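Take a look at the structure below.
The values are calculated or read from the model by the stated rules, or taken from the named source; none is laboratory data. Just so it is clear, the structure is predicted and the values come from calculations on it, not from any experiment. Please note: Cβ atoms are built from the backbone with ideal geometry, for glycine as well, and neighbour counts cover all protein chains shown. Quick note on the areas: whole protein, heavy atoms, side chains included, nothing else; ligands and nucleic acids left out. Shrake-Rupley method; radii C 1.70, N 1.55, O 1.52, S 1.80 Å.
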Amino acid sequence: MWILTVLSPEGERREFTLKAGKNSLGRKSDNDIIIADISASRRHAEIVYDVEQDQLIITDLNSTNGTFVNRERLERPIRLEDNDAIRIGAHVISVFHAESDAADRPIHSGTRPLTRDLLLEAVDQHAILMYEAARQLNTILDTQTALEQVTNLIKRSMGADYCVVAQRGQTGSLAQRGVPQSIISLVLEEKSAVLLPDPALSITDELRRLNIETAICVPIVGNDMVLGLIYLAKTDPLSRPFSQRDLQLVITISHQAALTLQRTQLVQKIRDEQRIRQVLQRFLSPQQAEFALQSYLKKGKLPGLEEHQATVLFSDIADSTGMAERLGAERFGQILYEYYKVITEIVFESGGMLDKFLGDGIMAIFGMNDSHPNPEERAVTAGLQMIEAIDLLNQKIGEDAEIVIGVGINTGLVVAGYISTPQRVELAILGDTVNVAARLESYARPNRVLIGPPTMAAIVGKFHTRRIGAIAVKGRIRPIQAHEVLRSNIHPSSETTAAPP
């Protein structure tokens, strides 16, 4: 008995048992085997089955686009052999000789490493399918859809009862889904393509316990890395076993699946990069956002919580609750927006990083993960600019909505870094240095800049300052010695630190 398996461009698989005598192939509906292909003639080819000789003879019926057997155009009638491949247009027809005595049928199974040569052999045999698979998969941009599409393509083209397409990280649960663990290990660890049953593998007995008659398992390999696997099986005892040609077909699909997975992963990486960049630019200057992003791309994550020497700046609006009540939510919101806009621009222009908005204030850090020198000087300059900017803003919004702020700055060791989830990225800054800066800010109203001792030591001779004296910080045993940075038009290099008032 001879069987033809017809694979269409859509991946649909049809099987025909040849009758004795003439079997016609073509586009016309009264053919024995209809080839619904624009390249097929109405009466395209004919296969004669000689039952007594148990042989097939194929003849091209002067078709317009030709009949191809094993990639060679048919110029005269020839005899077909088991496992020959016929092509009419984009339809590929496999020839299978089903012997009456199954016990005498040779078993074409086994395990082969998925080498470059095996892949080229498979692609050479199934170029049409690879073209169609590429056409279906090339527009897919997300991994899950790609896996589903590959699964559907294999089911249609292979006539499998069961099919699983899984990424490398999802293969842990395959054993519970009926895939033998020994096959999973063989495919993932040795990059081997497996066609079962295989007498050389004891796994054949395990397949029978799972009611599996024949199976194929192929790794999905990209850039010499196993990205996942394809597993398919038949459970019907009367179904035709998978053949070497079937294995080649799955290898061809796995190659296209690898290209698709690599593309979807690259698209996801670009999406993640863009998402991270957009989030970072909400609280970092463009240069620093790019710096943090490059760290993310190199290490797969943003810089984590680590100890840094840095300068922390706090700025806050005094009596914001009273302002909100007096002005109303809408007007207060507009004023707050203008305040944030001005303050944020100053922080970024000074090379600082905006940690967070604090309701009616901000927290910024200078000297962390950037190449700008003198973070203490830049932070103090930013603080003075904030005071001047508030003066200008008050002239704009009117006396009834006058803003009063304080600026506190301190330098020292902090624990700082990025805390991120798929939905959010946030810069966290912790430590005694932060607590001191926040306390200094609360003493810095109205419209003053107070700094701690380490910051003062770094800016001596560069700004006009005066000593404030000891300030207690809640939770701290010892107070801190605070200084105020004064606004002045005199060049700072000609001034000395003022004596305590």
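What order, most packed first, do the peptides 428-440, 234-246 have when packing is the mean number of other Cβ atoms within 10 Å of each residue? It would help to have the intermediate numbers written out before the result.
Numbers: 428-440: 20.8, 234-246: 16.0.
Sorting 428-440, 234-246 by mean packing, highest first, produces 428-440, 234-246.
Relative to the longest principal axis of the chain, what angle (0 to 90°, nearest 10) does the C-alpha long axis of helix 329-349 take?
In the chain, helix 329-349 runs at an angle near 90 degrees to the longest axis.
How big is the dipole moment of the chain about its Cα centre under a simple scheme where the beta carbon of each Lys and Arg is +1, that of each Asp and Glu is -1, and everything else is neutral? Debye, nearest 20, please. Please report the intermediate quantities before stating the final value.
Working: 53 positive and 62 negative charges, 163 e Å.
The calculated dipole for the chain is roughly 780 debye.
Tell me what the chain gives for mean residue ellipticity at 222 nm when only DSSP H runs of n ≥ 4 count, each as -39,500 (n - 2.57), the sum divided by the residue total, rounded to 500 deg cm²/dmol.
Details: 12 runs with 176 residues, N = 501.
Value at 222 nm, helices only: -11500 deg cm²/dmol.
Ranked from highest to lowest mean number of other Cβ atoms within 10 Å per residue, what is the order of the peptides 57-67, 249-259, 39-49? List each step's numbers first, then the result.
Details: 57-67: 16.2, 249-259: 24.3, 39-49: 20.3.
Ranking, from highest mean packing down: 249-259, 39-49, 57-67.
Got a number for carbon plus sulfur as a percent of the chain's accessible area, 1.4 Å probe? Mind showing how you got there, number by number?
Values: 12410 of 24550 Å².
Roughly 51 percent of what the probe reaches on the chain is carbon or sulfur.
As I understand it, the dipole of the chain uses +1 on the Cβ of Lys and Arg and -1 on the Cβ of Asp and Glu, about the Cα centre. Which of His91, Ala193, Thr321 lies farthest toward its positive end?
Going by the charge dipole, the pick is Thr321.
Can you find, among Ile403, Leu427, Met363, the residue farthest towards the positive end of the dipole of the chain? Put +1 on the C-beta of Lys and Arg, -1 on that of Asp and Glu.
Of the options given, the answer is Ile403.
How far, in nm, would the chain grow between Gln294 and Asp30 when pulled straight, counting 0.36 nm per residue and subtracting the alpha carbon separation? Show your work: numbers first, answer last.
Working: separation 264, 0.36 × 264 = 95.04 nm, distance 6.48 nm.
Going from the current span to full extension adds 88.6 nm.
Excluding Gly159 itself, what net charge comes from residues whose Cβ is under 15 Å from its Cβ, given Lys and Arg +1 and Asp and Glu -1? Present the calculation step by step, with values, prior to reporting the outcome.
Values: positive: Arg13, Arg14, Lys155, Arg156, Lys234, Arg240, Arg245; negative: Glu10, Glu12, Glu15, Asp161, Glu213, Asp236, Asp246.
Combined, the nearby Lys, Arg, Asp and Glu give 0.
Where nothing but the Cβ of Lys and Arg (+1) and of Asp and Glu (-1) is charged, how large is the charge dipole of the range 387-467 around its Cα centre, in debye to the nearest 20?
Details: 8 positive and 8 negative charges, 72 e Å.
Its charge dipole is roughly 340 debye.
Once both axes come from the Cα atoms, what is the angle between helix 432-443 and the longest principal axis of the chain, in degrees from 0 to 90, rounded to 10?
The angle comes out at about 50 degrees.
Taking +1 at the Cβ of each Lys and Arg and -1 at the Cβ of each Asp and Glu, which of Gly333, Ile390, Gly417 sits farthest along the dipole of the chain towards its positive end, judged by Cα position relative to the Cα centre?
With unit charges placed on the Cβ atoms, the residue in question is Ile390.
Mind listing the long-range amide H neighbours of Tyr162? Cut-off is under 5 Å, sequence gap 5 or more, other chains count too, H placed in the peptide plane at 1.01 Å from N.
Amide H neighbours of Tyr162, under 5 Å, 5+ apart: Ala233.
Nothing charged except the Cβ atoms of Lys and Arg (+1) and of Asp and Glu (-1): what's the magnitude of the dipole of the range 234-390 about its Cα centre? Round to the nearest 20 debye. Working shown, then result.
Working: 17 positive and 20 negative charges, 287 e Å.
In total the dipole reaches around 1380 debye.
Pulled fully out, how much extra length does the chain show between Asn211 and Glu307, if you take 0.36 nm times their separation in residues and subtract their Cα-Cα distance?
Full extension of this stretch gives 28.6 nm more.
Compute the FRET efficiency between Asn65 and Glu121 as 1/(1 + (r/R0)^6), taking r as their Cβ-Cβ distance and R0 = 22 Å, and round to the nearest 0.05. Please report the intermediate quantities before stating the final value.
Numbers: r = 26 Å, r/R0 = 1.18.
Efficiency computed from Cβ-Cβ geometry: 0.30.
Order these peptides, 315-328, 387-400, by their mean beta-carbon neighbour count within 10 angstrom, highest first. Mind dumping the intermediate values first?
Details: 315-328: 16.1, 387-400: 13.5.
Descending mean neighbour count gives 315-328, 387-400.
In nanometres, what is the gap between the two model label sites at Asp82 and Arg112, each 7 Å from Cα along Cα-to-Cβ?
1.7
Taking only protein heavy atoms into account and a 1.4 Å probe, give the accessible area per residue of the chain in Å². Could the numbers behind the result be given before it?
Numbers: 24550 Å² over 501 residues.
Here the residues of the chain average 49 Å² of exposed surface.
Quick one: of Lys396/Lys474; Lys191/Lys234; Lys19/Lys155; Lys301/Lys474; Lys301/Lys341; Lys191/Lys299, which pairs are farther than 31 Å apart, Cα to Cα? All intermediate terms of the calculation are to be shown ahead of the outcome.
Details: Lys396/Lys474 37 Å; Lys191/Lys234 23 Å; Lys19/Lys155 27 Å; Lys301/Lys474 35 Å; Lys301/Lys341 29 Å; Lys191/Lys299 27 Å.
Where the Cα-Cα span goes over 31 Å, the pairs concerned are Lys396/Lys474; Lys301/Lys474.
Just the number, please: percent antiparallel of the DSSP beta bridges in the chain, rounded to the nearest 5. Write down the numbers at each step before the final one.
Details: 94 of 101 bridges.
Looking only at bridges with both residues in the chain, the antiparallel portion is about 95 percent.
Simple spin-label model, 7 Å along Cα-to-Cβ: Ser488 to Arg466 in nm?
Distance between label points: 1.1 nm.
Taking R0 as 25 Å, what FRET efficiency do you get between Ala20 and Arg240 from their Cβ-Cβ distance, rounded to the nearest 0.05?
According to the calculation, E is roughly 0.80.
Could you give the length gained by full extension between Gln170 and Glu330, i.e. 0.36 nm per residue of separation minus their alpha carbon distance, to one decimal place?
Numbers: separation 160, 0.36 × 160 = 57.60 nm, distance 5.09 nm.
Length gained, Gln170 through Glu330: 52.5 nm.
Taking the chain as the reference, fit the longest principal axis to its C-alpha atoms, fit the long axis of helix 375-397 to the helix C-alpha atoms, and give the angle between the two in degrees, 0 to 90, nearest 10.
80
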